[in-house]
Amino acid sequence: MRFSAHTIKKFLRSVAVGALTGIVISIVCVALPGAGIILLISTLDLGWDLQWIPSAPAIMALGALGGGLFAAALFIKDTYIPYVEVVPDFEADTEVPDPDSDSDKYLH
């Protein structure tokens with residue numbers, strides 16, 4: 001199966017944006033709370049072993065990998081199974097007001 005250069009460019013752009021988004025999410029959701037835990041434990045002088053917390057570059061690399069893979073999977077899914085929303089036709093069931101009607105339903 002041969003893909004056009006435009007499709008490959010869109011795929012790579014999607015993966016790059018997904019990787020950058022993954023980095024941001026990993027910093028906000030993992031690195032900052034981890035830094036808060038380290039600060040709290042060192043402030044309270046609890047002496048707990050925190051060797052299980054990975055380094056910031058490792059967290060960012062895992063976030064980039066996860067975000068890129070997720071974006072690639074979504075791009076492939078959307079390429080073969082496009083999202084189509086069924087929108088009802090609101091103009092088909094509109095009522096035309098009768099001008100001779102004494103109803104207050106319609107304002108003139």
Checklist outcome for this item: Cβ density ranking, 10 Å radius, fewest first, applied to Ile81, Ile37, Ile23, Ile53 yields Ile81, Ile37, Ile53, Ile23
Checklist entry - Classify segment 15-80: rounded, prolate or oblate, from the alpha-carbon gyration tensor (a ≥ b ≥ c, eigenvalue square roots; a/c under 1.5 rounded; otherwise prolate if a/b is larger than b/c)? => result prolate
Checklist entry - Taking Cα pairs under 8 Å and at least six residues apart, what relative contact order does segment 15-80 come out at, in percent? => result 63
Item to check | Sorted by Cβ density within 10 Å, fewest first, the residues Thr21, Thr79 | outcome: Thr79, Thr21
Checklist entry - Can you work out ³J(HN,Hα) from phi for every residue in segment 41-47, in order, using Karplus 6.51 cos²θ - 1.76 cosθ + 1.60 and θ = phi - 60°, giving whole Hz and x for Gly and Pro? => result 5, 6, 5, 7, 6, 7, x
Checklist outcome for this item: Phi angles of segment 58-71, converted by Karplus (6.51 cos²θ - 1.76 cosθ + 1.60, θ = phi - 60°) into ³J(HN,Hα) in whole Hz with x for Gly and Pro, give 5, 5, 5, 5, 5, x, 5, 5, x, x, x, 5, 5, 5
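Each value in this text was obtained by applying a stated rule to the coordinates, not by laboratory testing. All of these numbers come straight from a predicted model, not from anything done at the bench. Ideal geometry is used to build each Cβ from the backbone, glycine not excepted, and the neighbour counts take in all protein chains shown.
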